[in-house]
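Take a look at the structure set out below.
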Amino acid sequence: MNAGNTVFSQLMSLIPDYELRKCIDRYRGDFHARRFTCRDQFLVMSYAQLTSSASLRSIEAQLTAFNSKLYHAGLKVMPKSTLADMNEKKDWRIYQDYAMVLVERAKVLYKDEYYRLGIDNMVYAFDSSTINLCLHLCPWAKFHHDKGAFKMHTLIDVKNNIPNFIMLTPGNVHDTQAMDSLPVEAGAYYLMDKGYVDFDRLFRLFQQQKAYFVTRAKDNMKYSVFEAREVDRQTGVISDESISLTGLFTAKKYPDLLRLVVYEDFAQNVVYRFLTNDFTLEAITIAELYRERWTIETFFKWIKQHLHIKTFYGTSQNAVFTQIWIAICDYLLLIIALKMYHIEQNLYIFSNVIGQVLFERTPLNELFDKPIINQNPEDDRQLSLW
């Protein structure tokens, strides 16, 4: 019998407990805690995320059914009322801070990954995803009219699929307002859709900070051409121009030159107009950079489909944000495990499988090893004729 640790305990031990302890102590998370601690809450909620448990009652029932296996996984049977109470009262910022610890760990592990565009600078994609809620049950999540929602504003490292910055806000917060909280790095590239075209913020946050942005120009943008460069139309690039804004207000908000690259996607027969403050990369590279923005859409899709946030275990802002941040922690733990254990599987398969084998004692690096099958078994009870 394999006397090793369970798959769940191997996954949860990737970052030492003292890192989580520092986050808990920072917000006095275990003040007056008796039987159950914030660490217990994190483990139980992670179990619920990885197994896609449908409700608090389902979580309690599953843990009770696996009671004999919980000790070696570090889990406890937690009554649903206790878990609900902890989600309501334990500060969600504990798990936000812990997620940032995991981010730093993941960045170290993936720093030497190959990037197809060959750009040495950091490349980030910034976008938001709206997650709907019932406004009657969650009055704090105001969106518009009689609808409730909150937004997950995310900055992701597109080279490694690592979220470097996440901010949760009510749904009525405009996307451009989240730009003010971005950690902008000099020399890095930031990919954003046209909803983030705010020339005042683009100038202050990126141009003046010597960072680069790539976005899409709005159809009503007024400008004059300062310089036109030759392009190779066989690459799909139609034009590459240096422009200056001529709008009454936009010219004051962004007084420097911009670069406008017009590109036709032959596969979809669509023409795109890319706006950037970088004048050094080739025009086709600017177009390819913007294509990398879809990495963040993949991240949002994965978060919604593979971590259980469609059904929330609480209705208060603290409970919802706690569940989201623990889901993000679990995502980071999975990508850390892929690298640390040299697992040759993509994240989607890994996440789907691991929820089914949490109590197995198979080493993570052997989880997907194919069994050796004897193609010509010989029955020892039969006499060989040769």
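The values are calculated or read from the model by the stated rules, or taken from the named source; none is laboratory data. Because the structure is a prediction, the values reported are computed rather than measured. We place every Cβ from the backbone using ideal geometry, glycine too, and count neighbours over all the protein chains shown. These area figures cover heavy atoms from the full protein model, side chains too; ligands, DNA and RNA do not enter into them. Shrake-Rupley method; radii C 1.70, N 1.55, O 1.52, S 1.80 Å.
Any residue at all in the range 6-25 that's assigned to a helix (DSSP H, G or I) and touching a Pro at 6+ places or on another chain (Cβ under 8 Å)? Scanning the range 6-25, I find at least one residue that is assigned to a helix (DSSP H, G or I) and touching a Pro at 6+ places or on another chain (Cβ under 8 Å), so the answer is yes.
The residue that is surrounded by the most Cβ atoms within 10 Å (Cβ to Cβ), among those in the range 117-147 that are at pLDDT 90 or above and assigned to a strand (DSSP E or B), is 124.
Each row is one residue, and each column tells you yes or no for (1) more than 23 Å from the chain's Cα centre (by Cα); (2) hydroxyl-bearing (Ser, Thr, Tyr); (3) at negative phi.
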| site | (1), (2), (3) |
| --- | --- |
| 24 | no, no, yes |
| 27 | yes, yes, yes |
| 51 | no, yes, yes |
| 57 | yes, no, yes |
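When you check residue 320 against the structure, is it of a type in the set (A, V, I, L, M) and open to solvent by 10 Å² or more (accessible area, probe 1.4 Å), yes or no? Considered against the rule, which asks whether it is of a type in the set (A, V, I, L, M) and open to solvent by 10 Å² or more (accessible area, probe 1.4 Å), residue 320 comes out as no.
Using the structure shown, decide if residue 39 is under 30 Å from residue 153 (Cβ atoms), of a type outside the set (S, T, N, Q), open to solvent by 30 Å² or more (accessible area, probe 1.4 Å) and out of contact with any Ser or Thr (no Cβ under 7 Å at 6 or more places or on another chain). Yes, satisfied. Here residue 165 does not qualify as under 25 Å from residue 196 (Cα atoms) and at pLDDT below 85. When restricted to residues that are farther than 12 Å from residue 83 by Cα and out of contact with any Asp or Glu (no Cβ under 7 Å at 6 or more places or on another chain), the range 46-57 contains 5.
May I ask you to list the residues in the range 148-167 that are open to solvent by less than 10 Å² (accessible area, probe 1.4 Å) and over 11 Å from the mean Cα position of the chain (by Cα)? Of everything in the range 148-167, those that are open to solvent by less than 10 Å² (accessible area, probe 1.4 Å) and over 11 Å from the mean Cα position of the chain (by Cα) turn out to be 148, 149, 150. Sub-8 Å Cβ pairs linking a first residue in the range 197-220 that is under 12 Å from residue 275 (Cβ atoms) to a second residue that is of a type in the set (Gly, Ala, Ser) and surrounded by fewer than 18 Cβ atoms within 10 Å (Cβ to Cβ), at least 6 apart or interchain, are 212/187, ordered by first then second residue. For residue 191, state whether it is open to solvent by less than 30 Å² (accessible area, probe 1.4 Å) and either of a type in the set (D, E, K, R) or within 18 Å of residue 289 (Cα to Cα) (or both). Here the answer is yes, as residue 191 does meet what is asked. Scanning for something among the charged types (D, E, K, R) and crowded, with 19+ Cβ neighbours inside 10 Å, does the range 44-60 turn up at least one residue? Checked the range 44-60: at least one residue is among the charged types (D, E, K, R) and crowded, with 19+ Cβ neighbours inside 10 Å.
Within the range 86-102, residues that are open to solvent by less than 10 Å² (accessible area, probe 1.4 Å) have Cβ atoms under 8 Å from residues that are of a type in the set (Gly, Ala, Ser) and assigned to a helix (DSSP H, G or I) in these pairs: 87/319, counting only partners at least 6 apart in sequence or on another chain. The residues listed here are 274, 279, 312, 266; of these, the one that is within 30 Å of residue 50 (Cβ to Cβ) and aromatic (Phe, Trp, Tyr) is 312. For the range 327-348, filtered to residues that are among the charged types (D, E, K, R) and in contact with a helix residue (DSSP H, G or I) (Cβ under 8 Å, 6 or more places away or on another chain), the residue that is least open to solvent (accessible area, probe 1.4 Å) is 330.
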